[in-house]
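**Student:** Would you mind keeping the following structure in view while I ask a few things?
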Amino acid sequence: MSANELWGGRFAKGPAEIMERINASIDFDRRLYAQDIMGSMAHSSMLMACKIISEEDGRKIQEGLQTILREIEAGNFKTDPALEDIHMHVEARLRELIGDAAGRLHTARSRNDQVATDFRLWVRDTMDHLDGELADLQDALLDQAEAEADTVMPGFTHLQAAQPVTFGHHMLAYVEMFSRDRGRLKDARARLNESPLGSAALAGTSFPIDREMTAKALKFDRPTANSLDGVSDRDFALEFLGFASICSMHLSRLAEEIVIWSSAQFRFVECSDSFSTGSSIMPQKKNPDAAELIRGKAGRSAGAFTSLLMMMKGLPMTYGKDMQEDKEPVFDAADNLQLCLAAMSGMIRDITVNGEVMTAASGAGFTTATDLADWLVQKLDMPFRQAHHVTGALVKLAEDNKCGLEDLSLAQMQSVESGITDDIYKVLGVQNSVASRVSYGGTAPSNVREQVTRWRKRRAEEGGGK
């Protein structure tokens, strides 16, 4: 059967070969097969219940659809570009299996609402899967946060040593980031969860259909309220790509830190052999290629979002063939994000933390200078701006003497500020510094453990985690 036969009698002859090629989408939309058959099952059940088709034809349709599903899953389903897309392929095969009864399946339905429904179902399924992948990554980060709650490392601003923090606290920062990503997924899923099925081509249908029934069967919250919007809306795909872009950016930031930390100049962490590669010419190399690929793939998600946004911006109501271009960017972004999440979870679980190197580096760059300034405020009742100035002068003195703040003698410190006592040395150690940061959300090891406990409880309530 050709696409021309499915379209009906409007066309006297078939399309040109180049038209078939530009028009065909079966190479990528075949992955919608499960959602397409699910939607058709729900639609045919509704048609039977509303007595729009006979029960006999309805049973034949459903049995035929189940047969097609088994064929596709077994890899025995043949495709033909002349049939354009997965929807026509399923209908054509159904006609081969059950004859004329197959033609009744498309009653009160257009490919416009059919495609919109299938695509929503696919994106919804993908959202649920990616939420699980994100939760798994959070668990991996929580494991590291708990194990390294006391490990001190330099905290950076401008990639310059700023203040000591704990590695556990650093891991928890990404737990928070990925929690926001999961929140975006949840919000987007709620807006997605309306059924376009029954909107038909654009104006609804004169058949006495039950859209509530099909929405319920497909686990949508409700049918879409406007048939024009139902077939033309792709906000759900844009929101998914927006989520994917932000999540990929978060993954890229973590990947970048792993690349930096694993370099010979830092040696804060070591990636496992499972997530590293070597060099074809330099035998000493151990490259963090998994992290670099995650960092690189972030651009594909952002590009996919821009592609779909630009495609949709110029479209009038309701459906244009341009919208066939909505799926490949979404599929590509979803595939890459799933891969990156799995790779990052593996890397985080396998990574070796070099705590001694981190702690040794955490005092470099006068990272306890803020602690010194805070001591001046708290102990000498000095205005913070004056304390900032005094501390700056002490940092300059330490630089001139090529030593750390903690290595300055009391006499040297008192030459800058006479009120300083030897109590100052209690705040200049990096361990003392991190332990003092007990404000809510601070880096203190006690805080890290409390936050890990809170997140463990939350993950348990979600049905996952330890």
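**Student:** Using the Karplus equation 6.51 cos²θ - 1.76 cosθ + 1.60 (θ = phi - 60°), what ³J(HN,Hα) coupling, rounded to whole Hz, does each residue of the stretch 256-263 give in order, writing x for Gly and Pro?
**Tutor:** My calculation for the stretch 256-263 gives 4, 5, 5, 4, 5, 4, 8, 6 Hz in order.
**Student:** Return, ordered by residue number, the residues of the stretch 141-182 whose backbone nitrogen is under 12 Å from a label point located 7 Å along Cα→Cβ of Glu256.
**Tutor:** Taking a point 7 Å out along Cα→Cβ of Glu256, the residues of the stretch 141-182 whose backbone N falls under 12 Å are 158-159.
**Student:** Moving to a separate point now. Which order do Asp400, Asp332 take when ranked by solvent-accessible area (1.4 Å probe, heavy atoms of all protein chains), largest first?
**Tutor:** From most accessible down to least: Asp400, Asp332.
**Student:** Could you go through the stretch 16-27 in sequence order and give the Karplus-derived ³J(HN,Hα) for each residue, using 6.51 cos²θ - 1.76 cosθ + 1.60 with θ = phi - 60°, rounded to whole Hz, and x for Gly and Pro?
**Tutor:** With coefficients 6.51, -1.76 and 1.60, one gets 5, 4, 5, 5, 4, 5, 6, 7, 6, 10, 4, 4 Hz.
**Student:** Right, here's the next one. Which three lengths, in whole Å and largest first, does the chain cover when its Cα atoms are put on their principal axes?
**Tutor:** The principal-axis extents, from largest down, are 100, 53, 42 Å.
**Student:** Could you give me the ³J(HN,Hα) list for the stretch 390-397, computed from phi with Karplus coefficients 6.51, -1.76, 1.60 and θ = phi - 60°, whole Hz, x at Gly and Pro?
**Tutor:** With the stated coefficients, the stretch 390-397 comes to 4, 4, x, 5, 5, 4, 4, 5 Hz.
**Student:** Which FRET efficiency value, to the nearest 0.05, do you get for Met317 and Asp100 by plugging their Cβ-Cβ distance into 1/(1 + (r/R0)^6) with R0 = 35 Å?
**Tutor:** 0.50
**Student:** Simple spin-label model, 7 Å along Cα-to-Cβ: Ala201 to Asp407 in nm?
**Tutor:** Inter-label distance under the simple model: 8.3 nm.
**Student:** Please work out the FRET efficiency for the pair Arg454 and Glu63, using the Cβ-Cβ distance as r and a Förster radius of 56 Å; give the result to the nearest 0.05.
**Tutor:** Efficiency at R0 = 56 Å is approximately 0.60.
**Student:** Return the long-range amide H neighbours of Val165 (sequence gap of 5 or more, or a different chain), with a cut-off of under 5 Å between placed amide H atoms.
**Tutor:** Answer set, sorted by chain and number: Met153, Gly155.
**Student:** Between their Cα atoms, which of Lys51/Lys216; Lys186/Lys313; Lys186/Lys216 are more than 21 Å away from each other?
**Tutor:** Violating the 21 Å limit, Cα to Cα: Lys186/Lys313.
**Student:** Have a look at Ser25, Ala101, His87 and report the one farthest towards the positive end of the charge dipole of the stretch 17-111, computed about the Cα centre with Cβ charges (Lys/Arg +1, Asp/Glu -1).
**Tutor:** Of Ser25, Ala101, His87, it is Ala101.
**Student:** What distance in nm lies between label points placed 7 Å from Cα along the C-beta direction at Arg180 and Arg31?
**Tutor:** Calculated label separation equals 2.8 nm.
**Student:** Next question, about the same structure. Counting only protein heavy atoms, what percent of the accessible surface of the chain is carbon or sulfur at a 1.4 Å probe?
**Tutor:** 51
**Student:** Using a 10 Å cut-off on Cβ atoms, rank the peptides 446-458, 38-50, 71-83 from the highest mean neighbour count down.
**Tutor:** 38-50, 446-458, 71-83
**Student:** Right, something else. Measure out, as a whole number of angstrom, how far apart the alpha-carbon centroids of the stretch 146-196 and the stretch 379-450 sit.
**Tutor:** Each part's Cα centre sits 29 Å from the other's.
**Student:** Would you mind calculating the gained length between Arg267 and Arg222 on full extension (0.36 nm times residue separation, minus the Cα-Cα distance), in nm to one decimal?
**Tutor:** Full-extension gain reported as 10.8 nm.
**Student:** Ok, one more. What does the extension gain come out to for Ala393 and Met19, with contour length at 0.36 nm per residue minus their alpha carbon separation?
**Tutor:** 127.1 nm
**Student:** Among Ala162, Gln35, Gly355, whose Cα lies farthest out toward the positive end of the dipole of the chain, if unit charges sit on the beta carbon of Lys, Arg (+1) and Asp, Glu (-1)?
**Tutor:** Comparing the listed Cα positions along the dipole, Gln35 ranks first.
**Student:** Going 7 Å from the Cα of Val377 in the Cα-to-Cβ direction, what parts of the stretch 406-429 have a backbone nitrogen less than 18 Å from that spot?
**Tutor:** Under 18 Å, as judged by backbone N against the label point of Val377, lie 420, 424, 427-428 of the stretch 406-429.
**Student:** The stretch 336-431: percent of C-alpha pairs farther apart than 23 Å?
**Tutor:** Counting every Cα pair in the stretch 336-431, those more than 23 Å apart make up 39 percent.
**Student:** So for each of 342-348, 392-398 I average, over its residues, the number of other beta carbons within 10 Å; can you give me the resulting order with the highest mean first?
**Tutor:** 342-348, 392-398
**Student:** Give me the orientation-averaged projected area of the Cα convex hull of the stretch 200-325, in nm², one decimal.
**Tutor:** 12.4
**Student:** Extension gain Glu328-Glu55, at 0.36 nm per residue separation less the Cα-Cα distance, in nm?
**Tutor:** 94.5 nm
**Student:** Continuing with the same structure: Hey, could you grab the Kirkwood Rh for the stretch 17-111? Inverse mean 1/r over distinct alpha carbon pairs, Å, one decimal.
**Tutor:** That comes to 13.6 Å for the stretch 17-111.
**Student:** Also, I was wondering about something else. Would you calculate, for the chain, the mean residue ellipticity at 222 nm contributed by helices, counting each DSSP H stretch of 4 or more residues as -39,500 (n - 2.57) and dividing by all residues, to the nearest 500?
**Tutor:** -20000 deg cm²/dmol
**Student:** Among 359-366, 138-145, what's the highest-first ranking by average C-beta atoms within 10 angstrom per residue?
**Tutor:** My ranking of the peptides, most packed first, is 138-145, 359-366.
The values are calculated or read from the model by the stated rules, or taken from the named source; none is laboratory data. Since this is a predicted model, take the numbers as computed values, not measurements. Cβ coordinates were reconstructed from backbone atoms using ideal geometry, including for glycine residues, and neighbour counts include every protein chain displayed. To get the accessible areas, we keep the full protein, side chains included, count just its heavy atoms, and leave off ligands, DNA and RNA. Shrake-Rupley method; radii C 1.70, N 1.55, O 1.52, S 1.80 Å.
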